[in-house]
1. Starting from the range 5-27, take each residue that is in contact (Cβ under 8 Å) with a residue 40 or more places away in the chain and list its partners that are exposed (fewer than 14 other Cβ atoms within 10 Å of the Cβ), counting only C-beta distances under 6 angstrom and pairs at least six apart or across chains.
2. Condition (residue is surrounded by fewer than 17 Cβ atoms within 10 Å (Cβ to Cβ), free of Cβ contacts under 8 Å to residues at least 24 places away in the same chain and under 14 Å from the mean Cα position of the chain (by Cα)) applied to the range 79-96: is it met by at least one residue?
3. Evaluate the range 47-54: report whether one residue or more is in contact with a helix residue (DSSP H, G or I) (Cβ under 9 Å, 6 or more places away or on another chain) and in a helix (DSSP H, G or I).
4. Tell me, yes or no, whether the range 124-138 has at least one residue that is surrounded by 14 or more Cβ atoms within 10 Å (Cβ to Cβ), modelled with pLDDT under 90, part of a helix (DSSP H, G or I) and touching a helix residue (DSSP H, G or I) at 6+ places or on another chain (Cβ under 8 Å).
5. Only one of (1) over 20 Å from residue 153 (Cα atoms); (2) modelled with pLDDT under 95 is not met by residue 30, so which one is it?
6. Residues to consider are 111, 106; find the one that is surrounded by fewer than 19 Cβ atoms within 10 Å (Cβ to Cβ), part of a helix (DSSP H, G or I), in contact with a helix residue (DSSP H, G or I) (Cβ under 7 Å, 6 or more places away or on another chain) and at pLDDT 90 or above.
7. Restricting attention to the range 188-213, which residues are farther than 19 Å from residue 111 by Cα and in contact with a helix residue (DSSP H, G or I) (Cβ under 8 Å, 6 or more places away or on another chain)?
């Protein structure tokens, strides 16, 4: 069973890579996501030095912050690894997922630049080990509008084609969104807007993939 699965996996990738349209889009996507993530890392560092504004969030005012950092990142990275395992089995879907994430990151840079925010006054910093590993090591508190963690989980929900996994990612989206609010790591509006932007990125990536493959997707 395992050997058959591995053979099918290899066969699917060999077939897709033999197609010029897929091969070109795959290479372009890898280059695009590498450049985008490099720019994003530098942008986040710069963004911490910008002056923004804070406001009173009526939802956050109802309770004191709770530190949920570890459970939040367990859900985030658990979801990402699960999603990667699922998507890599379908080459075209993996390309769509990488494109969606690239567009999502571009949206985050544009919106954070357009709406600079200072964090809630009682925020408990959400220390992302991945960002710190590839960044400067400094804690990032101003990457607020919109919530990248919530939007990423919702992106996984949109892309998943297995019903049980879709429900899992949807529940994960809700739990991650609630967690960052309970921690006061984001304003409520950061979380509420995130799924809508993720959907926009998903639709744009879908149109790109359909165009590249003559809508045979």
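1. What qualifies is 17/23.
2. Yes, some residue in the range 79-96 is surrounded by fewer than 17 Cβ atoms within 10 Å (Cβ to Cβ), free of Cβ contacts under 8 Å to residues at least 24 places away in the same chain and under 14 Å from the mean Cα position of the chain (by Cα).
3. yes
4. Taking every residue of the range 124-138 in turn, at least one turns out to be surrounded by 14 or more Cβ atoms within 10 Å (Cβ to Cβ), modelled with pLDDT under 90, part of a helix (DSSP H, G or I) and touching a helix residue (DSSP H, G or I) at 6+ places or on another chain (Cβ under 8 Å).
5. Residue 30 satisfies all of (1) over 20 Å from residue 153 (Cα atoms); (2) modelled with pLDDT under 95 except (2).
6. Selected residue: 106, the only one of 111, 106 that is surrounded by fewer than 19 Cβ atoms within 10 Å (Cβ to Cβ), part of a helix (DSSP H, G or I), in contact with a helix residue (DSSP H, G or I) (Cβ under 7 Å, 6 or more places away or on another chain) and at pLDDT 90 or above.
7. Within the range 188-213, 206, 208, 209, 212, 213 meet the criteria.
Okay, residues lined up against (1) under 23 Å from residue 56 (Cα atoms); (2) over 16 Å from the mean Cα position of the chain (by Cα); (3) modelled with pLDDT under 95:
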{"position": "172", "(1), (2), (3)": "no, no, no"}
{"position": "176", "(1), (2), (3)": "yes, no, no"}
{"position": "189", "(1), (2), (3)": "yes, yes, no"}
{"position": "195", "(1), (2), (3)": "yes, no, no"}
{"position": "201", "(1), (2), (3)": "no, no, no"}
{"position": "207", "(1), (2), (3)": "no, yes, yes"}
{"position": "211", "(1), (2), (3)": "no, yes, yes"}
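The values are calculated or read from the model by the stated rules, or taken from the named source; none is laboratory data. None of these values were measured; they are calculated from a predicted model. As a convention, Cβ positions derive from the backbone with ideal geometry for all residues, glycine included, and neighbour counts pool all protein chains shown.
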